[in-house]
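> I have a structure here, written as structure tokens, and I will follow up with some questions on it.
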Amino acid sequence: MHDLKTLYLQNIPSRPRSKANFTRLLLKHLNPKNEYVKNPRLPLPKNETVGNSKLQLLDTTNNIVAVSLSRSLKLRNQCFITFINHAAAQRFVETFGSKLMIGGRKIDIHFSNKDSLLGLALEDGAALDRALKTKQLKRKLASDSTKREQHLLKRRLRRLRFNLRSKGLDENTIGQICEAVKATKKQNITAKSISRNKVTNRKLGQGTTKLPASATSANPPNKILLIQNLPPDTTTEALKDVFQGENLVEIRLVNVRRVAFVEYQQIDDAKSIKDSLGDTCRFQNSDISIGFAK
């Protein structure tokens, strides 16, 4: 915790739908003289985790870099604040730790378990790269159950090797045991994959055939992505694992049409996700179509 630059705030009022409005509301209680509070038309700085753009503070008095909101509705009464450094975060805790009130609520303030991506970018490029790779891996695993099971198998084999070494077994014996376990588990993964494909094909044969995707290539970029040809058993949580972004607003799933509308706060947010995933994406063993909604 000695170098963390991100604080975790709990018990905040249910936030406005707009992240910008919430940020100004929070800044108003922290520093009424803040320039973004005094001038609501002044665009909030949008600091990036990558690139050469100059860092702009949200609040120079408290050295606040960014305010982040949880994408989960269950966490709508919580947020994160990233500071320029650990010392600024520590001063904030000492100043507001037991005094901050918003909308009649006493706000609980703690150091976060880990820094935000922006917090990592401010100091540790290697840690940021690891965090981004982890997020990318989670998205891939969420969209492919076979890869997810293969990834879990690798982790289990690592733990097995560790446990066998702690028992004093030699490397040759450990290798033989792990290979036997690996072969058995791979057979199970292959069998599960075949079984899932049979179930999917059966469902498609029962009237859930692939629906023709509406043409979206001519639609101009906007804040809402239209996701088509989703598998019949798609859930909102599974979609969040793939389409989550810093400024995700909500996901509206229409199961009967096998489509979803994914809304972000800014056009650039939606465009960034679409560019990273492409026009089609492999999701739960199906090819889904990604485009801008009308």
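The values are calculated or read from the model by the stated rules, or taken from the named source; none is laboratory data. On a predicted model such as this, the values are computed, not experimentally measured, just so you know. Cβ: placed from backbone, ideal geometry, glycine included. Neighbour counts: every protein chain shown. For the accessible areas, the whole protein counts, side chains as well, though only heavy atoms, and no ligand, DNA or RNA atoms are used. Shrake-Rupley method; radii C 1.70, N 1.55, O 1.52, S 1.80 Å.
> Picking from 182, 186, which residue would you name as being open to solvent by 90 Å² or more (accessible area, probe 1.4 Å), of a type outside the set (Val, Ile, Thr) and at pLDDT below 85?
186
> Across segment 233-250, which residue is least open to solvent (accessible area, probe 1.4 Å) among those that are under 15 Å from residue 18 (Cα atoms) and outside any loop (DSSP other than H, G, I, E, B)?
248
> Checking the conditions here, which among 260, 270 is under 14 Å from residue 227 (Cβ atoms), of a type in the set (A, V, I, L, M) and assigned to a strand (DSSP E or B)?
Sole residue among the options that is under 14 Å from residue 227 (Cβ atoms), of a type in the set (A, V, I, L, M) and assigned to a strand (DSSP E or B): 260.
> Under 7 Å by Cβ, and 6 or more places apart or on different chains, what pairs join a residue from segment 268-282 that is closer than 12 Å to residue 292 by Cα with one that is in a helix (DSSP H, G or I)?
Close Cβ pairs (under 7 Å, with a partner that is in a helix (DSSP H, G or I)) amount to 273/243.
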